[in-house]
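Okay, structure first, notes after.
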Amino acid sequence: MLKETIEHLDHTDHAKNKPTNGPNHRSREQLKLEVSCCSVSGLYRIEYFIQECVHRHTKLLLHVDTHDSDSDEPATSVFVTTNDSERFERTKNPEYGPSIDRFEIDLKMPKSYWNRRLSIVFTAHFIQSGMYGYTERESDAIAASFLTYVKTVRYRIIKSQGDNVIEKYDQLKRLAANQRR
């Protein structure tokens, strides 16, 4: 895994040493050093690296600007309504569930059926993108890291906007749906 990850870094945009304005961007050498540290620090460091990649990919799918440290919270439109989440859990019909085109987080229950299915969708996209060099072998760690990040996003939103934020998001989405009709 370590050697594959380093080789992958040599063939990505990091290898081109493109300058970027983002505070979280690291050069290829920094990433290679971090990956090398994985072999010294063990599994914890590998998991940390997976978490960082999962955070970046989630923000990408949620359309959160990763170069702006103030915009860590996604827009309202990326949260599924309680009704939609419950309908999906009741019916188990994939047409009502999450997809890459409908990448929405269930804020009400971090480990809901919706979010567990979203973690499967996310993991498949994460691996298929080839952006990070991970394979099916790491899919369990990627899915677990994604669900942990969902809990973190939920905590941050509730902390910044109050306990009744889920009801507010549901109301906003219902209003938007009614205006489209």
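The values are calculated or read from the model by the stated rules, or taken from the named source; none is laboratory data. Model, not experiment: these values are computed from the prediction. In this analysis, Cβ positions are derived from the backbone assuming ideal geometry, glycine residues included, and neighbour counts consider all displayed protein chains.
Say we look at region 90-121 and pick out the residues that are touching a residue at least 24 places away in the same chain (Cβ under 8 Å) and in contact with a Ser or Thr (Cβ under 7 Å, 6 or more places away or on another chain); which of these is nearest to ASP163 (Cα to Cα)?
Checked region 90-121; the qualifying residue nearest to ASP163 (Cα to Cα) is LYS108.
For region 23-137, which helices (runs of 4 or more DSSP H) that fit wholly inside it have 3 or more residues that are under 26 Å from LEU172 (Cβ atoms), in contact with a helix residue (DSSP H, G or I) (Cβ under 9 Å, 6 or more places away or on another chain) and modelled with pLDDT of 55 or more? Outline the logic, then answer.
On the way: elements: 28-41, 43-62, 82-91, 113-129.
Those helices (runs of 4 or more DSSP H) span 43-62, 82-91, 113-129.
Taking the stated definitions as given, is SER145 more than 17 Å from PHE49 (Cα to Cα), surrounded by 20 or more Cβ atoms within 10 Å (Cβ to Cβ) and polar (S, T, N, Q)? Before you say what the answer is, go through the steps one by one.
On the way: more than 17 Å from PHE49 (Cα to Cα): no; surrounded by 20 or more Cβ atoms within 10 Å (Cβ to Cβ): yes; polar (S, T, N, Q): yes.
Answer is no for this residue.
Identify the single condition in (1) surrounded by 12 or more Cβ atoms within 10 Å (Cβ to Cβ); (2) farther than 18 Å from LEU62 by Cβ; (3) at pLDDT 80 or above that ARG174 does not satisfy, given that it satisfies every other one.
The single condition ARG174 does not satisfy is (3).
Just to verify a result, which residue in region 117-137, among those that are surrounded by fewer than 17 Cβ atoms within 10 Å (Cβ to Cβ) and not hydroxyl-bearing (Ser, Thr, Tyr), is nearest to THR148 (Cα to Cα)? Full working, then the answer.
Keep residues of region 117-137 that are surrounded by fewer than 17 Cβ atoms within 10 Å (Cβ to Cβ), which gives 120, 124-125, 128-131, 135-137.
If we keep only those that are not hydroxyl-bearing (Ser, Thr, Tyr) too, we end up with 120, 124-125, 128, 130-131, 136-137.
Numbers: ILE120: 14, ALA124: 17, HIS125: 17, GLN128: 21, GLY130: 22, MET131: 21, GLU136: 19, ARG137: 19 Å.
Here the residue is ILE120.
Please give the number of the condition TYR113 fails out of (1) surrounded by fewer than 19 Cβ atoms within 10 Å (Cβ to Cβ); (2) aromatic (Phe, Trp, Tyr); (3) under 21 Å from HIS55 (Cβ atoms).
Just one mismatch for TYR113, condition (3).
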